[in-house]
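Report on one structure; see the data block that follows.
The values are calculated or read from the model by the stated rules, or taken from the named source; none is laboratory data. Being a predicted model, the structure only gives us computed values, none of them experimental. Backbone-built Cβ (ideal geometry, glycine too); neighbour counts: all protein chains shown. To get the accessible areas, we keep the full protein, side chains included, count just its heavy atoms, and leave off ligands, DNA and RNA. Shrake-Rupley method; radii C 1.70, N 1.55, O 1.52, S 1.80 Å.
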Amino acid sequence: MTINGVELDELINVPAGLRNVVAADTRLGDVRGQEGFYHYRQYSAIDLASARTFEEVWFLLFEGHLPDQAELIEFTDQVARSRQLPPELLPVLPTIASSGDPFRPMVGLRTALSMLAAVRDLQPVWDGDSASRKADALLICAVTPTILAALHRLHRGLEPVVPQADLSTAANWLYMLTGELPGQQASRAIEQYLIATIDHGFNPSTFTARVVASTGADVASAVVAAIGAFSGPLHGGAPDRALDGLDEIGSADRIDGWVRDKVANGDRVMGFGHAVYRTADPRSVLLRDIGIGLGGELVEFATTVERRVTEVLAELKPGRDLYANVEFYAGVVMELCGIPRSMFTPTFATSRVVGWTANILEQADTAKVIRPSARYVGPRAPQPVPGSVR
């Protein structure tokens with residue numbers, strides 16, 4: 001018996017969810033779950049978030065090295081020019097922003113990027129060279145925050161805010177959302193969050209982007225597919241849900257009862273546990289420190305909840321190593337910086353789109369389509385076709 005032309009005994013069995021299966025080689029980075037460490041092109045992602053700007057790390061992912069001063073100026077200028085919304089896109093944004101109840105920004109982004117690909121005539125990566133693919137990737141990364149912020153404001157009956165060329169990606173994001181120039185502390189806090197979440201191994205959305213890119217499709221198609229995967233609550237859609245959990249708990253004396261009820265009911269404790277890390281999530285540690293630096297009652301309560309929930313989960317699920325993940329403190333930091341909860345996942349997307357496109361560019365260079373097999377487990381085939389009921 002064969003499947004896709006391969007003898008059954010030659011097929012390779014893999015764990016559910018492709019756990020621990022190596023699907024490709026990459027030079028972009030690595031996640032070491034047992035160590036609580038991950039990196040971008042050999043540099044600790046946490047160290048980069050502590051010492052570098054978002055634009056520098058973006059350049060690193062695209063070009064393979066950190067920029068010198070001249071390269072950074074040129075790259076920053078290119079990003080600033082690419083942030084502007086194409087004129088052909090402006091008429092359709094109000095319609096997108098008024099669609100859906102409730103309105104979902106990530107759904108709107110998918111639609112807008114599809115339109116962008118059409119008006120800019122983005123070509124399949126199979127047909128383009130490295131320079132054209134990289135230009136398409138930079139355009140999509142630069143314009144994504146502008147689209148998301150414009151949809152957010154239009155949905156609320158406000159005019160979109162035009163990005164400023166002299167503001168960083170993080171500062172522009174806050175400015176375009178609120179219409180007010182952000183303070184340095186908030187801008188830097190969001191910038192560190194964005195750097196820390198650019199890329200993180202072959203997570204579902206990144207793998208999805210690479211699958212689509214492997215077919216030779218255009219960059220926008222691969223990004224739109226990644227957004228579809230990213231929108232799921234078990235992936236990118238958790239920062240607001242983790243913060244909702246803090247609201248549900250309300251006070252320190254309710255922590256134990258809340259988490260015990262969640263576990264007893266078989267509910268997921270959002271903001272805790274990770275598919276890869278078996279120790280503290282380094283992104284969560286970074287964001288906790290950022291939150292503490294911002295200060296306030298919310299972060300004080302969050303640290304109390306984190307400590308106690310970790311203790312209760314260790315009691316109820318011994319050996320599971322369930323610690324706070326990136327979503328737990330991401331919501332806290334974004335709330336403290338004035339980002340509406342409906343825009344938590346879109347904020348995540350404004351950084352992860354850089355990781356998606358870096359992976360798309362790398363995959364496009366391999367010219368190898370990703371085509372796994374599936375094992376059929378239904379009734380034995382072929383079966384006789386029953387007669388018509390007519």
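Relative contact order of the chain, taken over Cα pairs closer than 8 Å and 6 or more residues apart, is 22 percent. Distance between the C-alpha centres of region 42-74 and region 320-390: 26 Å, rounded to the whole angstrom. For the chain, a Gaussian network of Cα nodes joined below 10 Å ranks 34, 164, 84 by mean-square fluctuation, and the top entry is 34. For residue 32, nonlocal amide neighbours, meaning residues 5 or more places apart or on other chains whose placed amide H falls under 5 Å from its own, are 37, 38. Within straight-line reach of residue 317, meaning a Cα separation under 30 Å, sit the following lysines at least 8 residues removed in sequence or on another chain: 262. Residue ranges 297-308, 267-278, 370-381 sort as 267-278, 297-308, 370-381 when ordered by packing (mean number of other C-beta atoms within 10 Å per residue, highest first).
Ligands, DNA and RNA excluded, the heavy atoms of residue 207 present near 50 Å² of accessible surface to a 1.4 Å solvent probe. 3J(HN,Hα) along region 25-40: 8, 9, 9, 7, x, 7, 10, 10, x, 6, 8, x, 9, 8, 9, 10 Hz, from the Karplus curve 6.51 cos²θ - 1.76 cosθ + 1.60 with θ = phi - 60°, whole Hz, x for Gly and Pro. The phi torsions of region 343-355, fed into the Karplus equation with coefficients 6.51, -1.76 and 1.60 and a -60° offset, translate into couplings of 10, 5, 4, x, 4, 4, 5, 5, 8, 5, 4, 5, x Hz, rounded to whole numbers, with Gly and Pro shown as x.
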